[in-house]
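Below is one structure; the comments refer to it alone.
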Amino acid sequence: MNSPQPAAGGFIAEPVFCSANCMYRTLKKYVMTAFKKKIIIVLVYGAGVLLFFEGAARLFLSSDVILDKIKGEDAATRRIIWIREHQGKTPNLQAFDIYDSRRGWALRPDIRNGVLPGGQILNSNTRGIRGKDEYRYGKPYNIMRILVLGDSFTFGEEVSDDQTFPAYLQQMLPHSEVINFGVHGYGHDQMLLYLQEEGVKYAPDIVILGFIYGDMRRNLTSFRDYAKPEFGLIKKELKLTHAPVPSPGSFLEGEIYRSKFYDLLTILYYRLMLHSGKEQERMEEITTAIFDEMIKTIKDIGAVPVFVYLPYNEEMDNTGEKITDREGFLFRYCKPRNIDCLSVRPYFSASASRGVIFRKSGHWDARGNLIAAEGIREYLANNVIKTGR
């Protein structure tokens, strides 16, 4: 049997044995090193794929032809179009708007004899309410005060100050003040915020919501005429997101950092939801929650809520007595909650049958606003004012 041979210097070299624990540590180190390398490779590969898709999406969405084919009412489409219109310019809102960090935009205060695109006259008071009249906070003595929430139809997009339906309504109701809280482009989410932040300060006796069916879709987006807040539902409770709204300047500067691949997915997802019917379900769910909060806010200040359905475009030709599908949502909401609710569509139908001519496309003309005011006045007189509520 061979004996260990002396090493240099006269020492005997003993054979080196690796224990099981030593082998485990060595193997683990090898496996972990290989695993880390694979992870790095996967991450680098994934980043490369994402960069490719991001570049492709930026090229894809830079084409006007392609964007026109896939665009919808989603926030990504609206934002991209707004950015294109303001790129290389001083970012501004529409001519008579002012930036608002809570609601996105509002009517500019102290407008004097402004001229709308159709030549109509626009004024606003010191608090950005349409018209020259000033209204003090708190309930006025011996005056019935009515606050009207709404979008461009309530605001009176294509008529002068004294031709809006809130202005006509004030002329028809003695000893009343009708405050026009309409703002173009608003969704019900922005109307709710406006009511909670400013409307309650006026201590109204009645709060009217001018309901346009299309406004429900605005409740699902964080960008419309400009960036806006959006409510989400968490455990069936409203949670405000996308607030505060960034200023136009900072919003424009941040566009370069927004993913166009995510934008493209958002646009395609919106189209999928639209065709599947899921968007309709979500639209009604969010709107119902917003209305619930609106009703609570109105009743908490001792006012009476009145929801008014306002028809537009093709609805103006519907002379049937049956409630339409669009009207149906509002009536299904109001009836079980015992909320005053009416549609002024029958008043337009009755006027048309008498030969009254009014605009049936786009925003109402002065005649259309007058017809709406007559319908609202009749309902209030018979169902709200007469009963002393």
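The values are calculated or read from the model by the stated rules, or taken from the named source; none is laboratory data. In this text the structure is predicted, and so the values were computed from the model without any measurement. Glycine gets a Cβ as well: all are built from the backbone with ideal geometry, and neighbour counts include every protein chain shown.
Descriptive notes on the structure:
- Flag for residue 368 being modelled with pLDDT of 95 or more and crowded, with 20+ Cβ neighbours inside 10 Å: yes
- Here 269, 312, 257 are screened, and the one residue that is surrounded by 16 or more Cβ atoms within 10 Å (Cβ to Cβ), out of contact with any strand residue (DSSP E or B) (no Cβ under 7 Å at 6 or more places or on another chain) and not small (Gly, Ala, Ser) is 312.
- Scanning region 48-62 for residues that are in a helix (DSSP H, G or I) and among the small types (Gly, Ala, Ser) yields 48, 55, 56, 57.
- Taking every residue in region 105-129 that is within 12 Å of residue 156 (Cα to Cα) and at pLDDT 95 or above and pairing it with any residue that is surrounded by fewer than 17 Cβ atoms within 10 Å (Cβ to Cβ) and among the hydrophobic types (A, V, I, L, M, F, W, C), at least 6 positions away or on another chain, the pairs with Cβ-Cβ distances below 6 Å are 122/116.
- Taken over region 63-79, the residue count meeting the criterion of being part of a helix (DSSP H, G or I) and surrounded by 12 or more Cβ atoms within 10 Å (Cβ to Cβ) is 8.
- Residue within region 293-307 that is surrounded by 19 or more Cβ atoms within 10 Å (Cβ to Cβ), touching a helix residue (DSSP H, G or I) at 6+ places or on another chain (Cβ under 6 Å), free of Cβ contacts under 8 Å to residues at least 40 places away in the same chain and hydrophobic (A, V, I, L, M, F, W, C) present: no
- Scanning region 175-191 for residues that are assigned to a loop (DSSP other than H, G, I, E, B) and crowded, with 24+ Cβ neighbours inside 10 Å yields a count of 3.
- Any chance residue 186 is among the aromatic types (Phe, Trp, Tyr), in contact with a Ser or Thr (Cβ under 9 Å, 6 or more places away or on another chain) and under 30 Å from residue 72 (Cβ atoms): yes
- Residue 90 being touching a helix residue (DSSP H, G or I) at 6+ places or on another chain (Cβ under 9 Å), among the hydroxyl-bearing types (Ser, Thr, Tyr) and closer than 25 Å to residue 189 by Cβ: no
- Residue that is farthest from residue 187 (Cα to Cα) [pool: residues in region 315-340 that are surrounded by 17 or more Cβ atoms within 10 Å (Cβ to Cβ) and at pLDDT below 95]: 316
- Looking across region 122-141, the residues that are farther than 13 Å from residue 204 by Cβ and basic (Lys, Arg) come down to 127, 130, 132.
- Cβ separations smaller than 9 Å between residues 6+ apart or across chains give the following pairs from region 150-171 residues that are under 15 Å from residue 308 (Cα atoms) and at pLDDT 95 or above to residues that are of a type in the set (S, T, N, Q) and surrounded by fewer than 24 Cβ atoms within 10 Å (Cβ to Cβ): 169/176.
- From the list 228, 239, the one residue that fits, being basic (Lys, Arg) and either more than 20 Å from residue 153 (Cβ to Cβ) or without any contact (Cβ under 8 Å) to a residue 24 or more places away in the chain (or both), is 239.
- Selection status of residue 335, over 22 Å from the mean Cα position of the chain (by Cα) and under 23 Å from residue 118 (Cα atoms): no
- Test: residue in region 93-112 that is exposed (fewer than 12 other Cβ atoms within 10 Å of the Cβ) and within 20 Å of residue 256 (Cα to Cα): no
- A count restricted to region 343-373 and to residues that are outside any loop (DSSP other than H, G, I, E, B) and out of contact with any strand residue (DSSP E or B) (no Cβ under 6 Å at 6 or more places or on another chain) stands at 17.
- Only one of 238, 265, 274 that is at pLDDT 90 or above, aliphatic (A, V, I, L, M), over 23 Å from residue 104 (Cα atoms) and out of contact with any Pro (no Cβ under 7 Å at 6 or more places or on another chain): 265
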